[in-house]
1. Restricting attention to the stretch 75-104, report how many residues are in contact with an Asp or Glu (Cβ under 9 Å, 6 or more places away or on another chain) and under 19 Å from residue 228 (Cα atoms).
2. So is residue 89 touching a residue at least 12 places away in the same chain (Cβ under 8 Å), farther than 26 Å from residue 59 by Cα and crowded, with 16+ Cβ neighbours inside 10 Å or not?
3. Taking the condition out of contact with any Gly (no Cβ under 8 Å at 6 or more places or on another chain), within 25 Å of residue 236 (Cβ to Cβ) and either outside the structural domain of residue 249 (by TED's automatic domain parsing) or not in a loop (DSSP other than H, G, I, E, B) (or both), does residue 92 pass?
4. I'd like to know if the stretch 248-256 contains one or more residues that are within 22 Å of the chain's Cα centre (by Cα) and more than 28 Å from residue 335 (Cβ to Cβ).
5. Within the bounds of the stretch 175-187, is there any residue that is of a type outside the set (Asp, Glu), buried (at least 16 other Cβ atoms within 10 Å of the Cβ) and under 23 Å from the mean Cα position of the chain (by Cα)?
6. Would you check which residues across the stretch 1-20 are under 16 Å from residue 111 (Cα atoms) and under 24 Å from the mean Cα position of the chain (by Cα) and list them?
7. Residue 33 versus (1) touching a strand residue (DSSP E or B) at 6+ places or on another chain (Cβ under 8 Å); (2) modelled with pLDDT of 90 or more: which is the lone unmet condition?
8. Identify all residues within the stretch 147-174 that are hydrophobic (A, V, I, L, M, F, W, C) and surrounded by 14 or more Cβ atoms within 10 Å (Cβ to Cβ); write none if there are none.
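The values are calculated or read from the model by the stated rules, or taken from the named source; none is laboratory data. A quick note: this is a predicted structure, and the numbers were derived from the prediction, not measured. Please note: Cβ atoms are built from the backbone with ideal geometry, for glycine as well, and neighbour counts cover all protein chains shown.
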Amino acid sequence: MFTRPEDVTDEQIRAELAASWSFAAETLSYLPVGFGCHHWRATDAAGRQLFLIVHDLSTLLHSRLDTARAAFGRLEAAFGCALSLRRDAKLEFVIAPIPTGSGQVVRRLSERYSLAACPYLTDYEPGHDGDFHAADRPAVMRLLTDLHRASPVVAPPRCDFELQNVDGLQTAIENIGEPWHTGPYGERAHALLARHAAGVTALIAAYGELAAKARSRPERCVVTHGEPGAWNVLKTPAGFVVVDWDTVQLAPPERDLWDLAEGDRSALTAYTQATGTAIDADALALFRMWYDLAEIGCYIDLFRGAHDDSEDAAESWKNLEEFLQPAARWPQLRLPAP
């Protein structure tokens, strides 16, 4: 995120680091990296550094009935699984949260925010234009294969295939005639959704059919990262490492494969040869749909509410324009055109 939250202070973070991690931060630097949660670098007097992850729990709610407490519980389970993957499954590429003195992997900063601490990486090569170099793709696939094989060792949260923010998205469509005088992007987002409302509704229905098929095959589920793109799989001198484990779930393997396969379908053949698991084309489509609908739901929820003209809002609008074109992105489904 480009903009730090106004209601999280350096004093709060310092106090929690000292109390829970016994880490006396001399300096705290906000890092405008990633998109979805906030990050800081903490440095102590000895020069030791931590990479801090602050989640706004209100953005992790799955529905209008969800709670910050439940969202925090899911974070605990996900980060705990990451720690187990590194400690118990011996997967050294997992950059897991550092536990507190009492063994917790994440702490509450406030009713709204949580804090986790990870090792700070100083030497890594970012992905090429947000994607992997072609020569690196086989190594990334081997890494995902090793992760999926670790399933018997860990107990991640189970994927429920529910769409995040879908109730809010459906409510927005049902009340499309109401104005959105909520901020600089409100009416623009309103008009864009109005043009594509029929296509979004049809895409939600198509997702539901594919989700029902996936639920009927629980034996295919493995431990998955959820977002193993080039922004989370980093190349270091020692090899690839994987960060941001807040999305780890027990799910069909295609949850980790659909994005990699977008640029190189041969990756799927390599995965089947390595694991003996046949790729399910419907599951690939399922998780690509989930991502599209999650992006749409997230940004519609943002712009239906009060918002400012910030860098984060501008990036969110750019992303909404990309994803909120269901007929163009899913021509094979013959969705209603705008």
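1. Total meeting the criteria: 9.
2. Values: touching a residue at least 12 places away in the same chain (Cβ under 8 Å): yes; farther than 26 Å from residue 59 by Cα: yes; crowded, with 16+ Cβ neighbours inside 10 Å: yes.
Spelling it out, residue 89 is indeed touching a residue at least 12 places away in the same chain (Cβ under 8 Å), farther than 26 Å from residue 59 by Cα and crowded, with 16+ Cβ neighbours inside 10 Å.
3. yes
4. Taking every residue of the stretch 248-256 in turn, at least one turns out to be within 22 Å of the chain's Cα centre (by Cα) and more than 28 Å from residue 335 (Cβ to Cβ).
5. Among the residues of the stretch 175-187, not one is of a type outside the set (Asp, Glu), buried (at least 16 other Cβ atoms within 10 Å of the Cβ) and under 23 Å from the mean Cα position of the chain (by Cα), which makes the answer no.
6. 5, 6, 7, 8, 13
7. (2)
8. Looking only at the stretch 147-174, we keep the residues that are hydrophobic (A, V, I, L, M, F, W, C), and these are 147, 150, 153-155, 159, 161, 163, 166, 169, 172-173.
Answer for the stretch 147-174, where residues must be hydrophobic (A, V, I, L, M, F, W, C) and surrounded by 14 or more Cβ atoms within 10 Å (Cβ to Cβ): 147, 150, 153, 154, 159, 161, 163, 166, 169, 172, 173.
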